[in-house]
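Asks: Once you've had a glance at the structure underneath, I'll fire off some questions.
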Amino acid sequence: MNRFYLIYLITVLLSCTYDKIPEHPYVTENVVIVVMDGPRYSETIGDSSHQFIPHLWNDMRDSGIICTEFYNEGITFTVNGHVALTTGHYQSIDNTGLELPANPSIFQYWIKNHPGNSSKTALICSKDKLEVLGNTSDYRFKNKFNPPSDCGIQGNGSGYRDDSITFNHVLTALTTTKPNLLLVNFKEPDYSGHTGNWSNYLNGIKKIDEYTYQIWQYLNTDNHYKGKTTFIFTNDHGRHLGNGFQHHGDDCTGCRHIFLYAQGPDFKKGMLNAQHASLVDLHATLLQLLHINNSNSEGHVMISLFNNH
């Protein structure tokens, strides 16, 4: 047999073998994402006392991974940050909820891959404008495969609602429809930050830490979620450093540096991860866990989070 033909044949056979390698058998069946809107890193993980995130630091930390070098590398506004997380693309998008994301969301891809199960996803957000996360201007997905949304007082354009209402709606969803893919937005501490009230801003961080801890506790005790759920706690953007904490939106470290806590059956536990990553990398990682292969993302899978890596 010709030597070059033999090499070609071996190459083809090996290629066929690799193509048949099964997907990684991840344990994760559900993904729940909680976004605390707009705290600075200096008042969360970057504060050595961790006084405003006592549950995250004292109760949740050892069960998951805290990423200390996590960033929003796009435009540091609310809609932009959430769009990066849900679509895997940093987009210059209207921050008032008047423009749809250019790319389909992780929810739309999940629903497309699970026909008839749209009710097993949910957007539950204190900010009404985040209803746009469930749709896209991409003609292939526009007005298709949209997740149920519960945003603001009564949908986009209706105004923000109190985080306590959002929290109660989240608990109702977890105990009734039990979504496999859920994103929660709490408007604090961003809302109080914009008012310039430092005390309310700090109290907002503590309150969301408490709400998130209760959600985390439920996921770790409920039979549907326990041991089968990846839980994400992060934020969409930070704020200007120093006395400019009322605002955000530029590329300063205060606006870009955010936090990430990740817990799940496929992730390592009890460690701090200092590897640089950003919101679009989190998106790519969630696609990997959910076996969504028909989406694109600007991000890279955060391999260092996974067991055996």
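The values are calculated or read from the model by the stated rules, or taken from the named source; none is laboratory data. For clarity, every value in this text was computed on a predicted model and none was experimentally measured. Glycine also receives a Cβ, built like all others from the backbone with ideal geometry; neighbour counts cover every protein chain displayed. These accessible areas exclude ligands, DNA and RNA; they are computed on the full protein's heavy atoms, side chains included. Shrake-Rupley method; radii C 1.70, N 1.55, O 1.52, S 1.80 Å.
Asks: With θ set to phi - 60°, apply the Karplus curve 6.51 cos²θ - 1.76 cosθ + 1.60 along the stretch 235-240 and write out the HN-Hα couplings as whole Hz, x wherever there is a Gly or Pro.
Replies: 9, 8, 6, x, 8, 4
Asks: With the cut-off at 1.5 for a/c, could you classify the stretch 173-309 from its C-alpha gyration tensor as rounded, prolate or oblate?
Replies: Working: a/c = 2.04, a/b = 1.36, b/c = 1.50.
Note, shape of the stretch 173-309 comes out oblate.
Asks: Where q = 0.16, 0.28, 0.32, 0.34 Å⁻¹, what log10 of I(q)/I(0) comes from the Debye formula for the stretch 268-309, counting one point per Cα?
Replies: -0.42, -1.04, -1.18, -1.24
Asks: To the nearest 10 Å², what's Met271's accessible area with a 1.4 Å probe?
Replies: 60
Asks: What is the log10 of I(q)/I(0) for the stretch 92-145, computed with the Debye formula using one identical point scatterer on each Cα and no solvent, at q = 0.18 Å⁻¹?
Replies: Taking Cα atoms of the stretch 92-145 as identical point scatterers yields -0.58.
Asks: On to the next question. Within the stretch 26-42, name every residue whose backbone N is under 20 Å away from a label modeled 7 Å from Cα of His194 along the Cβ vector.
Replies: 35-41
Asks: When 1/r is averaged over all different Cα pairs and the result inverted, which Kirkwood radius in Å belongs to the chain?
Replies: Working: mean 1/r = 0.0504 Å⁻¹.
One over the average 1/r among Cα pairs gives 19.8 Å for the chain.
Asks: Suppose only helical runs count, i.e. DSSP H with n ≥ 4. What mean residue ellipticity at 222 nm does that imply for the chain under -39500 (n - 2.57) per run, divided by all residues and rounded to the nearest 500 deg cm²/dmol?
Replies: Value at 222 nm, helices only, nearest 500: -9000 deg cm²/dmol.
Asks: If you roll a 1.4 angstrom probe over the protein chains with everything in place, what fraction of the accessible area of the stretch 207-307 belongs to carbon and sulfur, to the nearest %?
Replies: Carbon-and-sulfur percentage of accessible area, whole number: 48.
Asks: Something else: I need the phi-derived Karplus couplings for the stretch 133-149: 6.51 cos²θ - 1.76 cosθ + 1.60, θ = phi - 60°, integer Hz, Gly and Pro marked x.
Replies: Each residue of the stretch 133-149 in turn: 5, x, 9, 7, 8, 4, 4, 6, 10, 4, 6, 10, 6, 7, x, x, 10 Hz.
Asks: Taking square-rooted eigenvalues a ≥ b ≥ c of the alpha carbon gyration tensor, is the stretch 80-223 rounded, prolate or oblate, where a/c under 1.5 means rounded and, failing that, a/b exceeding b/c means prolate?
Replies: Oblate, because a/c is 1.5 or more while a/b does not exceed b/c.
Asks: Compute, for Glu131, the solvent-accessible surface of its heavy atoms (probe 1.4 Å) with the complete set of protein chains present, and express it in square angstrom to the nearest 10.
Replies: 60
Asks: A further question follows. Once amide H atoms are built 1.01 Å from N in the peptide plane, which residues 5 or more positions from Cys125, or in another chain, come under 5 Å H to H?
Replies: Long-range HN contacts for Cys125: Asp150, Cys151, Gly152, Asn185.
Asks: When the chain is fully extended, how far beyond the present Cα-Cα distance does His224 get from Asn308, taking 0.36 nm per residue of separation?
Replies: That works out to 27.7 nm of additional length.
Asks: Pick out which of Leu289, Leu171, Leu219 has the largest mean-square fluctuation in a Gaussian network model of the chain, springs linking Cα atoms closer than 10 Å.
Replies: Looking only at Leu289, Leu171, Leu219, the biggest GNM fluctuation is shown by Leu171.
Asks: Nearest 20 debye, what's the magnitude of the dipole of the chain about its Cα centre given +1 on Lys and Arg Cβ and -1 on Asp and Glu Cβ?
Replies: 780
Asks: Could I ask something else about it? Roughly how many whole Å is it from the C-alpha centroid of the stretch 83-109 to that of the stretch 29-80?
Replies: 21
Asks: Please compute the modelled spin-label separation between Glu69 and Ser137, points set 7 Å along Cα→Cβ, answer in nm with one decimal.
Replies: Reported label-point gap for Ser137 and Glu69 is 3.5 nm.
Asks: Using the Cα centre of the chain as origin and beta-carbon charges of +1 (Lys, Arg) and -1 (Asp, Glu), tell me which of Tyr201, Val280, Thr177 is placed farthest towards the positive end of the dipole.
Replies: Thr177
Asks: Next question, about the same structure. Round to the nearest 10 and give me the degree value, 0 to 90, for the angle of helix 78-87's Cα axis relative to the longest principal axis of the chain.
Replies: Once rounded, one gets 20 degrees.
Asks: Find the relative contact order for the chain and round it to a whole percent, using C-alpha pairs within less than 8 Å whose residues are 6+ positions apart. List each step's numbers first, then the result.
Replies: Working: 672 pairs, mean separation 94.4, N = 309.
Computed over the chain, the figure is 31 percent.
Asks: Could you give the angle, 0 to 90 degrees to the nearest 10, between helix 279-289's Cα long axis and the longest principal axis of the Cα atoms of the chain?
Replies: 50
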